[in-house]
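The values are calculated or read from the model by the stated rules, or taken from the named source; none is laboratory data. Being a predicted model, the structure only gives us computed values, none of them experimental. Neighbour counts run over all protein chains shown; Cβ positions are idealised from the backbone, glycine included. Heavy atoms of the whole protein, side chains included, go into the accessibility calculation; ligands, DNA and RNA do not. Shrake-Rupley method; radii C 1.70, N 1.55, O 1.52, S 1.80 Å.
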Amino acid sequence: MKSIQAATYLVHFQEKAYQELSKLVDTSNYSTIFILVDENTFEHCYPKFIQNLATNIRIQVIEIESGEINKNLETCIGVWNAITELGGDRKSLLITLGGGVITDLGGFVASCFKRGIDFVNIPTTLLSMVDASVGGKTGVDLGVLKNQIGLFANPEMVLIDTDYLTTVSEREIKSGTAEIIKYGVTYDVHLFNEIKENKNLNINDLIFRSIEIKNEVVLEDPKEKNIRKILNFGHTLGHAIESFHLDSEDKENLTHGEAIAIGMVCESYMSAKLLGFPSEKVKEVKEVGIYNKTKLLKEDFPAIIELLKHDKKNVNGQVNFVLLNDYENYKLDCKVSEELIVESMKFYNV
Ligand code: NAD
């Protein structure tokens with residue numbers, strides 16, 4: 001599989017990616033290689049990874065606890081302290097080996113440590129392969145508010161090895177599919193149709209095409225002034241729903257993709273009401289995207305709407321949605337009334 005040229009780095013695939021990583025490590029004169037993992041990726045991914053890294057440079061593993069709830073500044077401080085105690089300096093390399101929590105947090109940790117050290121992303125979930133590891137967004141949550149602290153910073157390279165997916169749960173695979181559906185409905189309806197028809201799906205092709213799309217969009221608009229906002233389809237309400245569940249002790253947490261899938265259904269409904277997005281397509285997004293039918297309770301709507309007020313795309317307190325006129329045809333910065341947001345959540349529940 002050929003590599004994909006991103007802004008300042010390449011996304012490499014399978015065996016070739018390990019050769020490229022070894023080349024990078026050989027030629028960059030790093031002092032120490034830190035590998036950031038969580039307990040699951042240490043168990044399932046690290047053994048394969050370490051076998052494939054040919055180097056004499058000192059290696060140190062730093063493990064954090066898995067889960068979105070740990071994607072915060074406290075965890076970052078723990079990692080910065082660990083790097084410091086283990087003798088990290090400006091010539092250290094940080095390799096993130098994990099899902100989107102690890103790549104988001106690790107990229108942020110690396111970009112701030114001594115004003116920035118090199119990092120390499122090795123995504124190990126479907127979601128992080130198709131989305132989180134590419135595009136240069138790094139960061140952490142502030143309390144339950146998603147991705148409030150962070151910066152744009154590019155890795156030295158991204159290594160995609162789909163073998164890591166063999167130990168990922170079915171639930172997490174479906175979670176990653178939500179982001180592929182997002183690319184499909186906003187940018188490439190063929191991709192959406194493939195998922196919809198669910199015949200002879202080739203995971204390598206789906207991942208490759210998803211990264212290509214994300215990269216094309218990001219190259220055109222790296223700092224999200226314009227077209228990159230389409231990648232937020234489903235995320236405006238989706239993030240609020242995800243935060244709400246993170247914050248509620250009596251509710252089961254949703255995966256990122258589950259929350260985004262609900263967000264896409266609601267935002268498709270808003271699109272139909274405001275922009276004439278065809279209602280049969282709203283139904284289609286619901287049928288294809290929703291697999292974990294978590295009910296949104298009516299009494300929880302106000303708290304979810306309150307959380308919307310912290311969305312990063314808001315300007316002057318106004319919530320901005322990305323909506324669809326049709327598949328592959330979007331409208332940015334749409335204002336939506338509270339009544340319609342509530343209606344869309346009721347529609348999702350039916
Ligand atoms: P995650 O990192 O929490 O991983 C999900 C679970 O899978 C975790 O328990 C993890 O330990 C486990 N896991 C990871 N790899 C495994 C493997 N190979 N085998 C077995 N278990 C494994 O979640 P995620 O869905 O990968 O990422 C979600 C995060 O990504 C969110 O924080 C979201 O905000 C972020 N994100 C960022 C961007 C971006 O552009 N930076 C884009 C989309 C999502």
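Comparison of 251, 281 shows that the only residue that is assigned to a helix (DSSP H, G or I) and surrounded by fewer than 24 Cβ atoms within 10 Å (Cβ to Cβ) is 281. For residue 314, the stated conditions hold: it is under 22 Å from the mean Cα position of the chain (by Cα) and without any contact (Cβ under 8 Å) to a residue 12 or more places away in the chain. The sole residue among 185, 144, 168 that is at pLDDT below 95 and crowded, with 17+ Cβ neighbours inside 10 Å is 144. Set side by side, the residues 22, 66 differ, and just one is surrounded by fewer than 22 Cβ atoms within 10 Å (Cβ to Cβ) and part of a helix (DSSP H, G or I), which is 22. Checking the stated criteria, residue 179 turns out to be out of contact with any strand residue (DSSP E or B) (no Cβ under 9 Å at 6 or more places or on another chain) and surrounded by 24 or more Cβ atoms within 10 Å (Cβ to Cβ). When 291, 330 are checked against the criterion of being surrounded by fewer than 16 Cβ atoms within 10 Å (Cβ to Cβ) and within 20 Å of residue 183 (Cβ to Cβ), 291 stands alone in meeting it. Each residue in segment 284-308 was checked for being under 23 Å from residue 330 (Cβ atoms) and not in a helix (DSSP H, G or I), and 1 of them qualify. Only residues that are open to solvent by 40 Å² or more (accessible area, probe 1.4 Å) and either at pLDDT below 95 or not in a loop (DSSP other than H, G, I, E, B) (or both) were counted across segment 25-45, and they come to 7. Return yes when residue 274 is more than 20 Å from the chain's Cα centre (by Cα), in contact (Cβ under 8 Å) with a residue 24 or more places away in the chain, away from the ligand (no atom under 14 Å from the Cβ) and open to solvent by less than 10 Å² (accessible area, probe 1.4 Å) and no when it is not. No.
If you go through segment 231-248 one residue at a time, do you hit one that is open to solvent by 10 Å² or more (accessible area, probe 1.4 Å) and out of contact with any Lys or Arg (no Cβ under 9 Å at 6 or more places or on another chain)? Yes, because at least one residue in segment 231-248 is open to solvent by 10 Å² or more (accessible area, probe 1.4 Å) and out of contact with any Lys or Arg (no Cβ under 9 Å at 6 or more places or on another chain). Checked against (1) more than 7 Å from the ligand (Cβ to nearest atom); (2) crowded, with 19+ Cβ neighbours inside 10 Å; (3) among the hydroxyl-bearing types (Ser, Thr, Tyr), residue 162 passes all but condition (2).
Residue check, residue 192 against (1) crowded, with 17+ Cβ neighbours inside 10 Å; (2) within 13 Å of the ligand (Cβ to nearest atom); (3) modelled with pLDDT of 95 or more, all met but one. Which one? Among (1) crowded, with 17+ Cβ neighbours inside 10 Å; (2) within 13 Å of the ligand (Cβ to nearest atom); (3) modelled with pLDDT of 95 or more, residue 192 violates only (2).
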